[in-house]
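The values are calculated or read from the model by the stated rules, or taken from the named source; none is laboratory data. Just so it is clear, the structure is predicted and the values come from calculations on it, not from any experiment. Here the Cβ is made from the backbone with ideal geometry for all residues, glycine too, and neighbour counts use every protein chain on show. To get the accessible areas, we keep the full protein, side chains included, count just its heavy atoms, and leave off ligands, DNA and RNA. Shrake-Rupley method; radii C 1.70, N 1.55, O 1.52, S 1.80 Å.
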Amino acid sequence: MTRKQIDTKTAERINAQPRLHQRAGEIQSYGTVSHLLPLELEEPVRLEVTAQLNQLLADTMVLRDLYKKSHWQVAGPTFYQLHLLFDKHFGEQVELVDAIAERIQLLGGVSIAMAHDVAETTSIERPPRGREEVPVQLSRLLDAHQVIIGEVRKQARRASELGDDGSNDLLVSQVLRTNELQVWFLSEHLVSMPLVHAKEPATTVGAA
Ligand SMILES: [Fe+2]
């Protein structure tokens, strides 16, 4: 190697210019799992479980976003409490999204991530862009929870059958329990309840 060739190579290595606008082929395709992970879970099991978890991930991302939409767009006398409640549930769904996505990666799969792909995959009904009344917001959220809870129960049983105890634990202990609790908090807001005057006449103690 001549002196000039050596100088050129050194100059390339220590150039401070950032290499911008780079593109290259994918290193792993969506829908595949990487091989030979020492998890004692066969490749077909990891393929099936990651496919199911990606459906759940897409639906959980949509529910997460539905909570933020509801947090921003809520109106009426219960604005303050619902504004806060919707954001609390949003934060809990954010944690579930991360836990599900990282479980997929851990199993050697590829997590769905971008809004366009999520929109094509989700089973949850698309809401309008505009604002809706509180009972409709609550009903949409409850319907989304119902879709997710149905999927989670099926997936948890299947993961258990396949010997994937880690996924079963995530699905039952985190995803199912969180969704069930959020359903309770939402549902109680749809009970028709007088705020000032009780509707039922009081029964007098000792009356015949
Ligand atoms: Fe906010």
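When the criteria are applied in full, V94 meets the requirement of being assigned to a helix (DSSP H, G or I), among the β-branched types (V, I, T) and free of Cβ contacts under 8 Å to residues at least 40 places away in the same chain.
Of all the numbered requirements in (1) open to solvent by 40 Å² or more (accessible area, probe 1.4 Å); (2) part of a loop (DSSP other than H, G, I, E, B); (3) in contact (Cβ under 8 Å) with a residue 24 or more places away in the chain, H197 misses one, and that requirement is (3).
Can you tell me how many residues in region 84-107 are within 16 Å of the ligand (Cβ to nearest atom) and either of a type outside the set (A, V, I, L, M, F, W, C) or touching a Pro at 6+ places or on another chain (Cβ under 7 Å) (or both)? Number of matching residues: 6. Of all residues in region 69-86, those that are in a helix (DSSP H, G or I) have Cβ atoms under 8 Å from Cβ atoms of residues that are of a type in the set (G, A, S) and within 12 Å of the ligand (Cβ to nearest atom), 6 or more apart or on another chain, in L82/S70; F86/S70.
In the set (1) open to solvent by 30 Å² or more (accessible area, probe 1.4 Å); (2) within 16 Å of the ligand (Cβ to nearest atom); (3) more than 30 Å from L37 (Cα to Cα); (4) of a type in the set (A, V, I, L, M, F, W, C), L142 fails one condition alone, (2). If you go through region 145-167 and keep only what is more than 25 Å from V74 (Cα to Cα) and open to solvent by 50 Å² or more (accessible area, probe 1.4 Å), you end up with R153, K154, R157, R158, S160, E161, D165. Sort out which residues of region 43-83 are within 16 Å of the ligand (Cβ to nearest atom) and either closer than 24 Å to S111 by Cα or buried (at least 23 other Cβ atoms within 10 Å of the Cβ) (or both), and write them in order of number. Hits for region 43-83 are R64, D65, L66, Y67, K68, K69, S70. In this structure, A16 does not satisfy being buried (at least 20 other Cβ atoms within 10 Å of the Cβ), more than 16 Å from the ligand (Cβ to nearest atom) and among the small types (G, A, S). The residues listed here are L181, L170; of these, the one that is loosely packed, with under 14 Cβ neighbours inside 10 Å and among the hydrophobic types (A, V, I, L, M, F, W, C) is L181. Taking every residue in region 168-186 that is charged (D, E, K, R) and pairing it with any residue that is open to solvent by 20 Å² or more (accessible area, probe 1.4 Å), at least 6 positions away or on another chain, the pairs with Cβ-Cβ distances below 9 Å are E180/I149.
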